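The values are calculated or read from the model by the stated rules, or taken from the named source; none is laboratory data. All of these numbers come straight from a predicted model, not from anything done at the bench. We place every Cβ from the backbone using ideal geometry, glycine too, and count neighbours over all the protein chains shown.
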Amino acid sequence: MTTSAMQPVRRGRLSEEADWHRQYEELKVTAEEAAALIQDGDGVAMPAAASWPYAVDEALVRRLRAIGGRVELYSLFTPADTVLLQPENRDLVEYYVNFLSGDRALISQGNVHFVPTHLSEDGAWICDRHPRVTVITCAPPDENGWMSRSISASHLDRTVLEQSELVIVEVNPRLPALSSDGECHLLFHVSEADAIVESDHPLAENIPAPATEVDETIAGYIAEMVPNGACVQFGLGGLPNAIGECLAYAGKRDLGLHTEVVTNCAMKLMEQGVVNNSRKQLYPGRSVGALCVGDRDLWAFANGNRDLCFKEVKWVNDPRTICQNDGVVSINNAMEIDLTGQVNAESVGPRMYSGTGGQLEWVTGAQWSKGGKSIIALRSSYRDRSGTLHSKILPQLSPGGIVTTPRTMVQYVATEYGVANLKYRSCRERAKALIAIAHPAFREELERNLPL
């Protein structure tokens, strides 16, 4: 579908004007003028990560300081250098977030509140807070006036935009125009905006993490589990990068990609022809994702690339969407797992580290897929700051540890010592399978804690 065939839905401040070029010019305001539209007590939804609206962010701090105001902010993956969330500005904002990254260091400020939800529910939980204002960042408009919501705004879906009384768009030419079409697309028309701020703020890059030797070993086991023609999903970090390298080295063919996060690893697999999406049932021939997280090489690759299709995360991560492809292999990380198979992928004890994210959605969707499988990957152990070795396979989760994926949904678990299949196994069978892939230093101790 070309954008000339699409119709705007939301009615922006100047939607009666027929010429979108004239609309754009008349909607342009300074960041200070945009911030002046935000009132004391407003709920404000903002995009994430490299899509953060820095110009509006900085101007809003000045505005709130001037009027003695305070707002509620709804977002996730918020950059650590966000002005609004700096410690000296904690009297200006109550921040609600459902996935922490660089902003996890701010949680001790007292104004940061974690919201436990699946990633596909981002739009729903934000709408439940009833934001009056939504700020998005977009690439410049195409020839038909459509702007890409770009790399990290898929959580601000149409329900959020259409519910908001005021939508401010920060247009940044550094943002790639991501290919998107069909239902739950990531495009926004000039006529749907209430104000436009032009910005040229540099984008924060997520440099691909190097894989460790342990990552490479785990990746080797996982690559063996991925058949030709499978549709894969994997996330961020050294382990997914190692898995990508192993898939290429093993000569895998005709892989599809339907994933929450499109990364540099995904780009390389597409460039190498390992991922060509030729056997997918849903969007054949195109890699599908919700977020684009990486560096400028990835953004250049993704810009206008019709071999990619980006959608709102509520659609991409919905298990009912995921399972429409056959042979889905989902690969997700964990922080720890207990002997019955309960997975914690989000907290260190009771302290939140990240969030539920999309893990359970992908575990479910992969197992609903015809011929699909879900894999939880983790290093068998870690060393603390004093150098003491600890097992990540435990009799019980750490006190206060959050269950991200319940034991009833865990299928395969991979460490550097092998792969355990827990599906439909008894608690004792599960424990023995996990002990077999635990670090040897802890196996005897774990044997003494076998469940009934």
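Here is how the numbers come out for the structure above:
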item	result
Within the stretch 130-170, tally of residues that are assigned to a strand (DSSP E or B) and more than 22 Å from the chain's Cα centre (by Cα)	5
Matching option when the condition is in contact with a strand residue (DSSP E or B) (Cβ under 7 Å, 6 or more places away or on another chain), buried (at least 17 other Cβ atoms within 10 Å of the Cβ), at pLDDT 95 or above and not basic (Lys, Arg), among 60, 73	73
Of all residues in the stretch 326-360 being aliphatic (A, V, I, L, M) and assigned to a loop (DSSP other than H, G, I, E, B), the one that is farthest from residue 75 (Cα to Cα)	339
Condition met for residue 255 (of a type in the set (A, V, I, L, M, F, W, C) and without any contact (Cβ under 8 Å) to a residue 60 or more places away in the chain)	yes
Set 48, 105: member being farther than 17 Å from residue 201 by Cβ, within 25 Å of the chain's Cα centre (by Cα) and of a type in the set (A, V, I, L, M)	105
From the options 175, 203, residue that is outside any strand (DSSP E or B), closer than 30 Å to residue 132 by Cβ and in the same structural domain as residue 132 (by TED's automatic domain parsing)	175
Meets criteria (touching a residue at least 60 places away in the same chain (Cβ under 8 Å), of a type outside the set (A, V, I, L, M, F, W, C), crowded, with 20+ Cβ neighbours inside 10 Å and in the same structural domain as residue 64 (by TED's automatic domain parsing)) for residue 137	yes
Subset of the stretch 5-15 that is surrounded by 10 or more Cβ atoms within 10 Å (Cβ to Cβ) and out of contact with any helix residue (DSSP H, G or I) (no Cβ under 6 Å at 6 or more places or on another chain) - its residue that is modelled with the lowest pLDDT	6
